[in-house]
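Colleague: Let me give you the structure first, and then I'll get to my questions.
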Amino acid sequence: MMDSGQKKGKDMLVSVVICTRNRSDLIGNALQSVLASPYPSFDVVVVDQSDDDATGEIVRSIAELSPGKLKYVHTTPPGLSRAYNIGIASTAGDVLAFTDDDCIAPSDWIASIVAAFEDEPHADMLYGQVLLPASLENSEGQVPTLDIEEPRRLSRTDGFRIYGMGANFAVRRRLFQRIGGFDELLGGGAPLRSSQDFDFQYRAFVAGATTLLRPEVKVDHYGLRVGEQWPATLRAYGIGDGAFYSKHVRCGDLFALRLLALRVGRMVVREALIRLGVRPRGTQKFYLSGCLEGIRAGLHYPVDRHRRLYGPAHRLAERSAA
């Protein structure tokens, strides 16, 4: 098969992966926004881990209007990384584009991803902006967003930091073939809760890949978290980050240790400024406690140092007792 870096413009097949669970009220709008793209060479797979068939009914009804364009896969047990890996295996696109079931993609979303990769033929991963919709600007609660002010490359030669959001990213298939898929112990629905895309981004960096940050690649995010939901969200972010960074530290990676220390240090300073009244935003204590919890939780699982993946989903103590 021709390498994805050799294909240009309309020849580049894009496979869009949307993972969902128990959000039948949202998946239809998200899916229809992607299918409205005028880009000529794309398909979509919805990987559904819902407890009932409500989402399946909606997706199948939309598929009837888009014959050959849309594939539906239902799978259990839940786990976002597992769903991502199923989506990757279920498609054939040169580029895989990922968005969430609570996002709306503009009509140029797919074309903007392809154009960015054409501009940077050696880049393998891309993050775009995740924006607050105008309709939610005055809503109570918070919506996770990601701002990208200008184009940037993250790599060994350009400088690197962990930056992005799983609601809007894309990967050339050749990178999966090179470093493998997502760590299935990380991410929503898995024991280690989140940061599956950060972990993948870091593994790509270790392998010498380049990640693009592109402001023109945009989606609107309708994932409103009301006040009582936000502490749990922050805690999940912390658990995933602690588990992801510490996994690479256990592989002897001192740069990962430095990134973890910087991340925790920034949050400690931010929390101190909040307590002093300098910063008006809410507390970071839930993230910080979650980060420590994630470091401890990660120690319950073996690490494959060669692949930089957590091992089988059972505790080391159980493994030793076998």
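Colleague: Tell me the mean residue ellipticity at 222 nm calculated for the chain from its helices only (DSSP H runs of n ≥ 4, each -39500 (n - 2.57), averaged over every residue, nearest 500).
Modeller: -11500 deg cm²/dmol
Colleague: Ok, one more. Any idea what Rg and Dmax come out to for the range 133-186 if you just take the C-alpha atoms, in Å?
Modeller: 15.7, 44
Colleague: Using just the alpha carbons, could you tell me how many Å³ per residue the convex hull of the range 65-189 encloses?
Modeller: 167
Colleague: Under a 10 Å cutoff between Cα atoms, tell me which one of Asp124, Asp51, Asp197 has the largest fluctuation in the Gaussian network model of the chain.
Modeller: It is Asp51.
Colleague: Using label points projected 7 Å from each Cα along Cα→Cβ, tell me how many nm separate Glu57 and Val226, to one decimal.
Modeller: 2.5
Colleague: As a test, work out the antiparallel percent of DSSP beta bridges whose residues both lie in the chain, rounded to the nearest 5.
Modeller: Among the beta bridges of the chain, antiparallel pairing accounts for roughly 40 percent.
Colleague: Let me ask you something else. Which aspartates and glutamates does Lys69 reach when only Cα atoms under 15 Å apart count, and residues fewer than 8 places away in its own chain are ignored?
Modeller: By straight Cα distance, Lys69 reaches Asp43.
Colleague: Taking Cα pairs under 8 Å and at least six residues apart, what relative contact order does the range 4-221 come out at, in percent?
Modeller: With pairs under 8 Å counted, the relative contact order is 26 percent.
Colleague: Arg161 to Glu271: extension gain in nm, 0.36 nm per residue of separation minus the Cα-Cα distance?
Modeller: Details: separation 110, 0.36 × 110 = 39.60 nm, distance 2.13 nm.
Length difference between fully extended and current span is 37.5 nm.
Colleague: Using Cα-only point scatterers and the Debye equation, what is log10 of I(q)/I(0) for the range 230-321 at each q in 0.10, 0.15, 0.17, 0.25 Å⁻¹, rounded to two decimals?
Modeller: Rounded to two decimals, the profile gives -0.31, -0.62, -0.75, -1.20.
Colleague: Right, something else. Which percent, to the nearest 5, of DSSP beta bridges fully inside the range 1-146 are antiparallel?
Modeller: So the antiparallel bridges amount to about 5 percent of the total.
Colleague: Could you tell me how far the Cα centroid of the range 36-76 sits from the Cα centroid of the range 237-310, in Å?
Modeller: 35
Colleague: Give the peptides 215-226, 257-268, 198-209 in descending order of average Cβ contacts within 10 Å, highest first.
Modeller: Details: 215-226: 18.7, 257-268: 15.1, 198-209: 20.9.
Top to bottom by mean Cβ count within 10 Å: 198-209, 215-226, 257-268.
Colleague: For the chain, what is the convex hull volume of its Cα atoms per residue in Å³?
Modeller: It comes to 148 Å³ per residue, whole-number rounded.
Colleague: State which helices in the chain qualify, where a helix is a whole DSSP H run, it must extend 24 Å or more along its own axis by its Cα atoms, and its mean Kyte-Doolittle hydropathy must be at least -1.0.
Modeller: 230-250, 254-275
Each value in this text was obtained by applying a stated rule to the coordinates, not by laboratory testing. Since this is a predicted model, take the numbers as computed values, not measurements. Neighbour counts run over all protein chains shown; Cβ positions are idealised from the backbone, glycine included.
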